[in-house]
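**Q** Can you read through this structure? Questions will come right after.
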Amino acid sequence: MADVIVHIEGLKKYFEPHQSLIQSIGKSGPKKVIKAVDSISFDIVRGEIFGLIGESGSGKTTTGKLVMKLLDPTEGVIEFNNEDVTKLDKAGVIEYRRKVQMIFQDPYASMNPRFKIRDVLEEPLIIHKIGSSFDERQKLIIKALEEVKMMPAEEFMGRYPHMLSGGQRQRVATARTLILNPSLLVADEPVSMIDLSTRAEILAMMKDVQEDLGLSYLYITHDLSTARYFTDRIAVMYLGRIVEMGLADDIIDNPLHPYTQALIQAVPEPNAGNVGVVKELPIFGEIPSPANIPSGCRFHTRCPYAKPECENEAEPELMPAGNGHFHACRRWDQIKRAL
Amino acid sequence: MSSGDTKFKLSEFWNEFKKEKSGIVGLVILLLCLLVVIFEPLILPWKEANSKWRDINYWQDNPASAPPEWTNVFSKQKAPVTQRITKGKREEVELEGGAKMVTYTLDYNYTADKAPLDVIFHISGTGDIPLTVSIERPDGLQVELFQRFEQGLSNQDIRISVDNDGREAAFAFIKQYESELALEDYSSTSLRTGDILFSIAQTGMAKEFKPLKGTYKLIAQAMILDPANMDISDPYVVVTGSVSGILGTDDSKRDLASGLIAGMKWALMIGFLTSIVSVLIGVLYGIISAYFGGKVDSVMMFIYQIVNSIPVLPVLIVISAIFKPNIYTLILVMIIFFWTGSVMTVRSMALQIKEETYIEAAKALGATNRRIIFRHMVPLLIPYSFASMALSVPSAIVYESSVSLLGLGDATIVTWGQILHDAMQGAAVLKGLWWWVIPPGLAIAAMGMTFAFIGFSMDKILHPKLQTR
C-alpha cells in the first residue's frame, strides 16, 4: 500500500434545513434532508495531486470543506496520517489546520479587503505563533511571496488585495497557505476565476511548489482540461457520490461512466472550423436537487443509456475495472460495446 | 501586532484623515470643546458656577432675564452693562478717643442711556459698624442713601441694595426738583431708585428719564470706634445693568455663559460614556449573536427583545426613587437601555460578513472565534459604530435633559439639558428670552454635528474601496 496521507471512508454530509420552533411542532412529516455528500470513499497518496471533478451542486466543494474541517461530517471517517480527525478538540483542529490548508475559488473574496498583503500573509503566522518578532515574520512573508514569484516582495506587501490582478491574488492566496508549511493543500477551483492566459502560469507555479515541498493536493474543479494537465488521479462526483475514479489519463481517454463521458464531450475544443458548432450533449436537464435524490442509480434521470433496472434496482457501488480504475455503472460494458 | 506596526497604522490613518475637510472641522470643534473643558477654571465668568448653580444667594446681584451685553450694539438706547467694581480708595481720618473714620470711594463711569437696575454695595465688616452709604453724582450733588448699624460682625459680608435700601433717600432727592403735584401719582415704592439717581436733576425727571452721564462716586463710610478689633474691608460694588454677561442671564439671575461652559464637560462625558459604552456593547452583542447563530442567537435575541421592550422612563423613575440620582447612575441606566439601539443593524450586517469567503479562509487558517470577531468582523463595523455613536451622543444628552425634566437629574451639577429644561419651565420662548434657549440648543446640536463629521470621515477612510472613487 502506498503512503496514504488522507483516507476517507463512507463520508456523508447531510444538511437539515432550518426550522423555527413553531414549524417543528406544526409539521410532523419527514424532514427534507439535503444530501450534499452521500457516502464517498477515496485515498490521497502522499505527494500526489488528486482531482475531484463534478458539476456545480455535485458536492465537491462540500467534500473539500469536510476535509478542511470547516464542516463536521454527518457520518464517516477522515483519516489524516492514519489518525482520525473527525473528532478533534479545539487545539487539535488548530494543529490540524497547520498541516492542511485551503486555496479558495475567489482569490479576492478570500482575502479581507481591509488587510494589506502583508497582513494577509502575517495572519497565519500570528495564529500559529510562528516567528516571534516583526522582523522574523517579515522575512517569512518575503520568502513566501518569492516562492510564488511575487517580486519584488516588499512592493507587494503594502498593497491591498483590490490593487492586484486575479492571478496575483491567487499567488498571494497560495503564499498564505504555503507559509505554514502544510502537507496537504485543498485547492477549490483555484483557477476558475482567473483569465485563461494566466491559468497555466498559476497551475505551473502550484505544481512547482508541490514538487519543491513534496505537497499533496486535493484539487477540486469542474474543468476537465486543467484537471488532466494538473492532476495525477481524478474522482468524478455526481450528486454527492463518486461515480468514477482512476488515473487522470485513464479517466479522460477511457471514460467508463456515461456521466464522465458526457463531461468530456462537453469540453469545447478551440480547433479551426469549430466556430458556431454547438456540441450536442448526450445528457440533458439540470442536476437534480440533492434534497430529492432519484431512486436507484442517481444518474438515471439524465443518462442516455438508462434502462428500467437503473431506476428500480439498488444503487451500484464503485466497481474496479483494473489499473486502479473504478466506476459505478452497472451497464458499463454494454455502453462500451455500443460506442 | 507589534507596537511599531500600530504606530505606523495610526500615522497612515492620520494622513488619510487630514484629507477629509468635514472630519477636520469636526475634530477642531471637538478639540476646542476639550480645551474649554481643560481651561474651564480660567474662562468661567462666574468661578463657582459649578458648585453654586442652584444657590440663589450666589447669583443675587445679577439682573434677572437680562439679554447678553453685545445686544447693545444693535439697540439705539444703550443699556448699562452689569459690572463689578472692586477698585476702591481707602481713606482714614483719626478721630478723638482712638476712633477713626474709614471711607471707601469707588468710581463708576456711567455712559449708558438707561439707568442701572440697581447698585449693590458689598463690604466685609468686623465688630460693630455704623455704616453710611452715599453717592456723589457727576454734577456734584451728593445723596446720602442709607445708614445702618451692624453689630457683632466677624468678617461678614454686608450687602446694601440701593434700589431697596436707598428708596426713601432717593424719594427725598426727587422731591427737591418735582412739585408735590407731579409726584402725586408716585410713591417711594413705585419710583425706581436708579431712575432718580442717574437722571439729570431737573423738573420733569419723574416723567422722563434723562441720563446724567459721567463718573459717579460710590462712597461707603464707617466710624470705627475700636480700630484694634473692628474694621471694614474689601468693598465692591455691583452695578446691575439691564444687560449682562456674554450670553445673558436666566430668570433666576444665573449667568448663562457660565452655565454653558460648566455644562460642556458633562455634555461631553454623558455623550462619550453613554454612546461609546452602549455602542460597544451593542456591536459586540450583535456580532456574537450573528456569528455563533443557532441557539446562542435565539437566546441572545430573546434577551434583546425583552430589554428593548422595557419602557425606560418608568424604570428610571423607580431607580431614582430608590437611589439618589447621580450623573453616573444616570449614565449607567442609559447604557443599560441604550445598547439595544445598534444590535439589530449590527446583527444583520454581521450575518452578511460571516458568510464572506475570507471569514471561511481565516477559519481554514486556524483562526479562533475571537480572532475572527475582533480582527475580521469588528473592523468592518467600526464605521457603522462611529456613525451610531455620533447619533447617540445627542440623544444621550437630550435624554439626560428629559430625565432632568422629571426632576430626576443630578441636582449637584449643571447640564445643557437642565438649562433647556429650566428655560422651558420659565416659558423662555413665550417671553422672548432667546438667549436662554438658542445657545444650549445650538451647543447640543453642534456637539452632535461634531461627532457626525468625525464619524463620517472615519467611515470613508476605513472603507478602502471608497478611496479610489
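The values are calculated or read from the model by the stated rules, or taken from the named source; none is laboratory data. The shown structure was predicted, so the numbers you read here are calculated from the model rather than taken from an experiment. Here the Cβ positions follow ideal geometry from the backbone for every residue, glycine too, while neighbour counts run over all protein chains shown.
**Q** Of the conditions (1) at pLDDT 85 or above; (2) surrounded by 19 or more Cβ atoms within 10 Å (Cβ to Cβ), A:VAL191 fails just one. Which one is it?
**A** Looking at each condition in turn, A:VAL191 falls short on (1).
**Q** Among the residues of the stretch B:389-403, is any within 30 Å of A:ILE126 (Cβ to Cβ) and either assigned by TED's automatic domain parsing to the domain that holds B:ILE270 or without any contact (Cβ under 8 Å) to a residue 40 or more places away in the chain (or both)?
**A** yes
**Q** Quickly run through the stretch A:215-243 and pick out the residues that are touching a residue at least 40 places away in the same chain (Cβ under 8 Å) and in a helix (DSSP H, G or I).
**A** Scanning the stretch A:215-243 gives A:LEU224, A:SER225, A:ALA227, A:PHE230.
**Q** Follow-up question, since we're still on this one. Need pairs with beta-carbon distance below 8 Å; first residue at positive phi and surrounded by 20 or more Cβ atoms within 10 Å (Cβ to Cβ) and within the stretch A:65-89, second among the charged types (D, E, K, R) and in a helix (DSSP H, G or I); sequence gap 6+ or separate chains.
**A** Final answer for the pair search is A:LYS69/A:ARG97.
**Q** Scan (1) within 19 Å of A:GLN170 (Cα to Cα); (2) within 18 Å of the chain's Cα centre (by Cα); (3) more than 9 Å from every other protein chain (Cβ to nearest Cβ) for the single condition A:GLN105 breaks and write down its number.
**A** (3)
**Q** Additional query: Any residue that is surrounded by fewer than 14 Cβ atoms within 10 Å (Cβ to Cβ), in contact with a strand residue (DSSP E or B) (Cβ under 9 Å, 6 or more places away or on another chain) and not in a strand (DSSP E or B) - is there at least one of those in the stretch B:104-113?
**A** Yes, the stretch B:104-113 contains at least one residue that is surrounded by fewer than 14 Cβ atoms within 10 Å (Cβ to Cβ), in contact with a strand residue (DSSP E or B) (Cβ under 9 Å, 6 or more places away or on another chain) and not in a strand (DSSP E or B).
**Q** Being hydrophobic (A, V, I, L, M, F, W, C), closer than 24 Å to A:LEU213 by Cα and facing another protein chain (nearest Cβ under 10 Å) is the filter here, so list the residues in the stretch A:112-124 that pass it.
**A** A:VAL120
**Q** So which helices (runs of 4 or more DSSP H) are wholly in the stretch B:328-414 and hold at least 2 residues that are among the hydroxyl-bearing types (Ser, Thr, Tyr), within 14 Å of another protein chain (Cβ to nearest Cβ) and over 23 Å from B:THR274 (Cα atoms)?
**A** Correct list: B:357-364.
**Q** Here is a follow-up. I'd like to know if the stretch A:304-317 contains one or more residues that are farther than 23 Å from A:PHE42 by Cα, of a type in the set (D, E, K, R) and crowded, with 18+ Cβ neighbours inside 10 Å.
**A** There is no residue in the stretch A:304-317 that is farther than 23 Å from A:PHE42 by Cα, of a type in the set (D, E, K, R) and crowded, with 18+ Cβ neighbours inside 10 Å.
**Q** Looking at the stretch B:154-181 only, could you name the residues that are at pLDDT below 80 and aliphatic (A, V, I, L, M)?
**A** Scanning the stretch B:154-181 gives a single hit, B:LEU181.
**Q** Could you check, for the stretch A:137-144, whether at least one of its residues is of a type outside the set (D, E, K, R), surrounded by fewer than 21 Cβ atoms within 10 Å (Cβ to Cβ), farther than 17 Å from A:THR198 by Cβ and within 13 Å of chain B (Cβ to nearest Cβ)?
**A** Within the stretch A:137-144, one or more residues are of a type outside the set (D, E, K, R), surrounded by fewer than 21 Cβ atoms within 10 Å (Cβ to Cβ), farther than 17 Å from A:THR198 by Cβ and within 13 Å of chain B (Cβ to nearest Cβ).
**Q** Scan A:LEU239, A:LEU218, A:LEU247 and give me the residue that is on the phi < 0 side of the Ramachandran plot, modelled with pLDDT of 85 or more and in contact with a Lys or Arg (Cβ under 6 Å, 6 or more places away or on another chain).
**A** A:LEU247
**Q** When you scan the stretch A:101-119, how many residues do you find that are outside any loop (DSSP other than H, G, I, E, B) and surrounded by fewer than 24 Cβ atoms within 10 Å (Cβ to Cβ)?
**A** 2
**Q** Within the stretch A:191-214, work out how many residues are of a type outside the set (Asp, Glu), over 15 Å from A:GLU48 (Cβ atoms) and without any contact (Cβ under 8 Å) to a residue 40 or more places away in the chain.
**A** Going through the stretch A:191-214 one residue at a time, the tally reaches 9.
**Q** With B:LEU44, B:LEU35 as the choices, which residue is at pLDDT 85 or above and surrounded by 13 or more Cβ atoms within 10 Å (Cβ to Cβ)?
**A** Within the list B:LEU44, B:LEU35, the selection yields B:LEU44.
**Q** Counting only residues that are in contact (Cβ under 8 Å) with a residue 12 or more places away in the chain and surrounded by fewer than 17 Cβ atoms within 10 Å (Cβ to Cβ), how many does the stretch B:210-222 have?
**A** The number of residues fulfilling the criteria is 4.
**Q** Here is a further query. Yes or no: B:ARG90 of a type in the set (Lys, Arg) and touching a residue at least 60 places away in the same chain (Cβ under 8 Å)?
**A** no
**Q** If you don't mind, another one. Regarding B:VAL429, is this residue surrounded by fewer than 24 Cβ atoms within 10 Å (Cβ to Cβ), within 14 Å of another protein chain (Cβ to nearest Cβ) and among the β-branched types (Val, Ile, Thr)?
**A** no
**Q** Check A:GLU83, A:GLU95 and return the single one that is more than 13 Å from chain B (Cβ to nearest Cβ) and modelled with pLDDT under 90.
**A** A:GLU83
**Q** Please indicate, with yes or no, whether at least one residue in the stretch B:21-44 is farther than 17 Å from B:THR412 by Cα, over 18 Å from the mean Cα position of the chain (by Cα), assigned by TED's automatic domain parsing to the domain that holds B:GLY409 and not in a helix (DSSP H, G or I).
**A** Within the stretch B:21-44, not a single residue is farther than 17 Å from B:THR412 by Cα, over 18 Å from the mean Cα position of the chain (by Cα), assigned by TED's automatic domain parsing to the domain that holds B:GLY409 and not in a helix (DSSP H, G or I).
**Q** Tell me whether the stretch A:50-61 contains one or more residues that are within 14 Å of another protein chain (Cβ to nearest Cβ) and of a type in the set (A, V, I, L, M).
**A** no
**Q** Let me ask you something else. Quick check on the stretch A:127-136: of everything there that is surrounded by 14 or more Cβ atoms within 10 Å (Cβ to Cβ) and in a loop (DSSP other than H, G, I, E, B), which residue is nearest to the other protein chains (Cβ to nearest Cβ)?
**A** For the stretch A:127-136, the residue satisfying everything is A:HIS128.
**Q** Residues that are in a helix (DSSP H, G or I) and touching a residue at least 60 places away in the same chain (Cβ under 8 Å): does the stretch B:236-255 have at least one?
**A** For the stretch B:236-255, residues in a helix (DSSP H, G or I) and touching a residue at least 60 places away in the same chain (Cβ under 8 Å): absent.
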